[in-house]
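First up is the structure itself, then whatever we jot down about it.
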Amino acid sequence: MSLVVWTIVFALVGLTAYVSTRMAKGSEDASLADTGLAILEFGRAFPGEAIRSLHRTADSNAVFVRLHDNKAGFMRNMGNHYACHLIEPGTVRVRALPDQNGFSVEFLDAPFHNGSFFFNSSAEAAEVSLWLLGNYVAAADRDTMPVPAGGR
């Protein structure tokens, strides 16, 4: 009789452990799609940078970050954390793709982040590409650029 009781107890403990492990894994995957986690991860990596806005790719594998002073950042989902990258002026190339919801990015200082990125709308893709292109010119060079007729 006691063997049957102990067998049932061990089976229940094993089942509980299996179910709790599966639930924890599911919540980790869901948390990576959370914008709040992206903000915390980027803030931890670059505590001196103020975030203005974030745009997540359609597949949630990357987040583009607009920072103060028109800087930009990039975050790639690495499974259970984000790899954060501060894009330095002049270190990124953006190319259009046939699909207007995306573009191709080449990071000159971090080639392992290169790739094609697609967003939920063409407007979102255009906005992020403008951040990156605005970040392409160094701030010192922007100050010395001629002002077009009619002012800024």
The stretch 55-107, residues that are in contact with a Lys or Arg (Cβ under 6 Å, 6 or more places away or on another chain), of a type outside the set (A, V, I, L, M, F, W, C) and closer than 16 Å to Ala126 by Cα: Arg66, Ser104
Sole residue being basic (Lys, Arg) and surrounded by fewer than 18 Cβ atoms within 10 Å (Cβ to Cβ), chosen from Arg56, Arg44: Arg44
Identity of the residue in the stretch 27-47, at pLDDT 90 or above and part of a loop (DSSP other than H, G, I, E, B), that ends up nearest to Val105 (Cα to Cα): Phe46
Cβ pairs under 7 Å, 6+ apart, first in the stretch 92-105 and at positive phi, second surrounded by 14 or more Cβ atoms within 10 Å (Cβ to Cβ) and not hydroxyl-bearing (Ser, Thr, Tyr): none
Hits in the stretch 67-80 (condition: touching a residue at least 24 places away in the same chain (Cβ under 8 Å), over 20 Å from Pro111 (Cα atoms) and within 14 Å of the chain's Cα centre (by Cα)): Asn80
Among residues of the stretch 81-97, those that are assigned to a strand (DSSP E or B) and more than 17 Å from the chain's Cα centre (by Cα), counted: 3
Matching residues, the stretch 48-80, being among the small types (Gly, Ala, Ser) and outside any loop (DSSP other than H, G, I, E, B): Ser53, Ala62, Ala72, Gly73
Answer residue from the stretch 128-147, given it is closer than 12 Å to Phe64 by Cβ and modelled with pLDDT under 90 and is surrounded by the fewest Cβ atoms within 10 Å (Cβ to Cβ) among those: Leu130
Residue match in the stretch 4-24 (condition: surrounded by 12 or more Cβ atoms within 10 Å (Cβ to Cβ) and either within 11 Å of the chain's Cα centre (by Cα) or of a type in the set (Val, Ile, Thr) (or both)): no
In the stretch 62-75, the residues that are over 16 Å from Leu130 (Cβ atoms) and modelled with pLDDT of 90 or more: Ala62, Val63, Met75
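The values are calculated or read from the model by the stated rules, or taken from the named source; none is laboratory data. Treat the numbers as computed from the prediction; the structure is a model and nothing was measured. Here the Cβ is made from the backbone with ideal geometry for all residues, glycine too, and neighbour counts use every protein chain on show.
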